[in-house]
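J.: Structure in C-alpha cells, see below.
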Amino acid sequence: MTTITFRDALSVLSKSSPFSVKTLSTKAPDGFDALKEWLYIEQDIERDLRAQLAHAKPGDVLFLCGSSGDGKSEILTRVHHAYRDRVTFHLDATHSFQPNQSAIQALDQVFRRAVMDQKILVVGINIGMIGNYAQEGSPELAEVRDAMRAFLQNAEPPAPYYFFNFENYPKFKMDNGIPVAPFAKDIMRRLTNTSDANPFYAAFKHGELRHSEPRLYANFRLLMLGGVQDAIIANIAKARLAKDQFVTARGLLDLLHHLLTGPGYLFDNLFSGGDNELAARVADFDPALLRTRKLDQLVLRYELGLVEPERDAFLEEFTAWNIRLNSEQQPNAASLIRLFSTLQGEHVGNDYHRQFADEFADQVMIDYAAVWKMHAQFDGSSEARTALRRFYTSTLTAGIFRYANRNAAELGKDEILLGEYHGVKIASLADLRPDYTALQSLAPTTSIASFNVALRVGDEPLKPMPFNINLFGLLLRLNQGYRPNKYDKNSIVLLDELVEQIKALVKRGNRLKLYRQQQRISLRYEDGMIDTVGEM
C-alpha cells in the first residue's frame, strides 16, 4: 500500500474515478480495489435482497431499484459472486447488448430468456426505466409490465416479482430531535479509522512523514473528529430537507473527496460549492453569511486586528495541524466563523469557539424535528393530542389565517376571506381543528423529509397534506409578520392548495360576513330565509 500516495488513495472517492462505477471484471484486485473494499458498508437493502435470494425459486424476478449512484451495481456485483450459478444478473437496465439495440429491447431479451430458462433473474433498474418499460415493453411480456405498474402505483406487485427500492431505506432518521445519517457516519468512521488495517490511514501516516501537502493532511485530521463528522452530516441533512437534495453513496463519497482535496481547509471546502451537487447545496448554509450581534462583533475585532488573548490562544492550537487562517497577513473572518461552526461539537484548547455555539443553532430545524417526532409517534393518547394541539393552533391554523387574510386585517377570529367584490370583503367562519383519527392512521412515517398534517373544517375532513421544513419555516415566519415573496413560491403553492381546500368546505356553510371599511353585516341562511345583522 505504501506505493500509493495518500492523495492517490483518496482519488477512489471521486465520482470521476474509474472505481465510482462497479462492473463485473476478471481483473486481479490491486491496491485501489483494497481501498474501495475497505470503505464498503453493507446496507439493509442488500441484506433484504440476499435474504430473498436465499429462498428464491426458478422463475422469480427481483428488481433492485434506485437512482444513479445509489450503489445498485456495487451490491449486485457482490451478490453475483455468491449466486452466479443459479441466478442471471442484468446489472444495469439502461444498457443494451448491441449498438443498434435500445435498452427497452435489451430488457425484452433479458425477460424472454429468463422465462425460457426458468432461472432466477435479478435486474438493477432506476424508477424512470421502470416507467418507460411499463409503457413501451413488449406486449408479450404484459405480466412483467403489469408488475411494474403495480410497483409505480405503490400497490403490492404479484409474485414472482419482487422490488427492492432504495427509497424505502432512508439514509436519514431522527434521533432525539436531531437528523442523523448512520450510513454517512459509518463511511466517515471507516475512512478515518486509525487501525493499521485501514489502507487510507496507512497511506496518511506514510505521507505525513514527508511533510508534503500540509493542508491535505490537516483536512484528514479534522475529518477524524466525531464532532466535525456530525457537523458535515447536519449540513447534508439541511440540504436534504430544505433543498430536496437526494443523497446517494456516490455523491457522499465525492463530497468527502471534495472536503479533503479541495482548494481550502475542510471547513471552507464544506461551504465553497463546486461541481459536487451536495457541496453546491450546502453552500447555501454558509455560517459566514449569518448576521448576529455576537458574530458581527467577532468579525470586527478579528479583521481590525484587535488583540484578544483567549481567541489567539485558541487559534494557536491549530498551528500544530498546519492550519493558519490568515493569508498574506489578511485576517479571514469568514474562515474563522466556518471553523467555529464546524467545530462546535468538539472541545479544542480553551474552547473559545463554543461560546458562539448558540449563534449557529438552527431553530427552525429544531422545531421541525420536534413536530415531526410528535406526528411520527402519535398514538392518539390525551398527552399526544395535547402536544400536537399546540402546533395546530399556534403555528398551523394561525399561519393559515394570517396568509389567507393577509389583505383583510379587519376580519375577526376564525374568519377566512373568501373573496372581494366591488370593495366588499366576503368572509365566513372556518372552524379548523386537528383530525386526530386521520393522524393516528398516518403515523408512523420513516422519511424525515416530511410529515402529514390532517385538519378538519367543522366536521368535514381535509385531505392529509405532506408538510416539509420549508412550509414549516414559512408558517413560523408568517406568524411573526413576514410577507411571502417569489423565493417562497414552492411553499406558497402548497399553502394555496390547502387554503383553497378550506374555502371550498367553508362555502358550503350557511353563514357569511360582509365587510366594507368600518361597516359589517352578518348573514345567515336558514329555512329558505336570510337573516341579517348590521347595516352597510
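The values are calculated or read from the model by the stated rules, or taken from the named source; none is laboratory data. Note that this is a predicted model, so its numbers are computed, not measured. When we count neighbours, we look across all protein chains shown, and the Cβ atoms used for this are built from the backbone with ideal geometry, even at glycine. The area values use the complete protein model at the heavy-atom level, side chains included, leaving out ligands, DNA and RNA. Shrake-Rupley method; radii C 1.70, N 1.55, O 1.52, S 1.80 Å.
J.: Over the C-alpha atoms of the chain, what are the Rg and the largest Cα-to-Cα span, Dmax, in Å?
T.: 28.9, 94
J.: A further question on this structure: What residues qualify as long-range amide H neighbours of T88, i.e. H under 5 Å apart, gap of 5 or more or another chain, H built at 1.01 Å from N?
T.: Amide H to amide H, under 5 Å and 5 or more residues apart or across chains, T88 pairs with I120, L121, V122.
J.: Could you check what % of the DSSP bridge pairs in the chain are antiparallel, to the nearest 5?
T.: 70 percent
J.: Using 0.36 nm times the number of residues separating S522 and A280, minus their current alpha carbon distance, what extension gain do you get?
T.: On the way: separation 242, 0.36 × 242 = 87.12 nm, distance 5.44 nm.
Result: 81.7 nm gained on full extension.
J.: Rolling a 1.4 angstrom probe over the protein chains, ignoring ligands and nucleic acids, what is the accessible area of V457 in square angstrom, nearest 10?
T.: For V457, the solvent-accessible surface is approximately 20 Å².
J.: Moving to a separate point now. Within the range 404-498, report the trypsin sites (Lys or Arg not before Pro) that DSSP leaves as loop and that have at most 15 other Cβ atoms within 10 Å. Provide the component values of the computation, followed by the final result.
T.: Numbers: sites: R406, K413, K425, R456, R477, K486, K489; in loops: R406, K413.
Loop-located and lightly packed - R406, K413.
J.: Give me the distance between the Cα centres of the range 464-536 and the range 223-279, rounded to whole Å.
T.: First find each Cα centre; the distance between them is then 41 Å.
J.: What does the charge count around L266 come to, taking other residues whose C-beta lies under 13 Å from its C-beta (Lys +1, Arg +1, Asp -1, Glu -1)?
T.: +1
J.: Using the structure shown, select from K15/K36; K413/K503; K294/K486 the pairs with a Cα to Cα distance greater than 24 angstrom. Before the final figure, lay out the partial values.
T.: Working: K15/K36 13 Å; K413/K503 16 Å; K294/K486 31 Å.
In this structure, K294/K486 exceed 24 Å between Cα atoms.
J.: Using just the helices of the chain, give the 222 nm mean residue ellipticity in deg cm²/dmol: DSSP H runs with n ≥ 4 each add -39,500 (n - 2.57), and the total is spread over all residues, rounded to 500.
T.: Computed ellipticity for the chain at 222 nm equals -13500 deg cm²/dmol.
J.: Could you order F151, F204 by accessible surface area, starting with the largest, using a probe radius of 1.4 Å? Don't jump to the answer; show the numbers that get you there.
T.: Values: F151 30, F204 5 Å².
Output order, biggest surface exposure first: F151, F204.
J.: Near P461, within a Cβ-to-Cβ distance under 14 Å, what is the net charge of the other residues, with Lys and Arg +1 and Asp and Glu -1?
T.: Summing Lys and Arg as +1 and Asp and Glu as -1 gives 0.
J.: Here's a follow-up. So, counting K/R as plus one and D/E as minus one, what does the shell of residues with Cβ under 11 Å around G227 add up to?
T.: -1
J.: Here is a further query. Could you work out the pair-distance distribution P(r) of the range 223-351 from its alpha-carbon pairs, with 5 angstrom bin width and percents rounded to whole numbers?
T.: In whole percents, the pair-distance histogram is 2, 10, 19, 24, 20, 13, 8, 4, 1, 0.
J.: Just list whichever of K119/K171; K243/K425; K72/K489; K185/K243; K72/K119; K185/K489 have alpha carbons separated by over 26 Å in the model shown.
T.: Beyond 26 Å between Cα atoms: K119/K171; K243/K425; K72/K489; K185/K489.
J.: Tabulate in residue order the Karplus-calculated ³J(HN,Hα) for the range 70-77, using 6.51 cos²θ - 1.76 cosθ + 1.60 with θ = phi - 60°, rounded to whole Hz; enter x for Gly and Pro.
T.: Once θ is set to phi - 60°, the couplings for the range 70-77 become 5, x, 4, 5, 4, 5, 5, 5 Hz.
J.: Also, I was wondering about something else. May I ask you to rank H206, H90 by accessible area, largest first, using a 1.4 Å probe over the protein chains only?
T.: Values: H206 70, H90 15 Å².
Result of the area sort, largest leading: H206, H90.
J.: Further question: Using alpha-carbon positions, what is the distance between the centroids of the range 177-193 and the range 316-365, in Å?
T.: 22 Å
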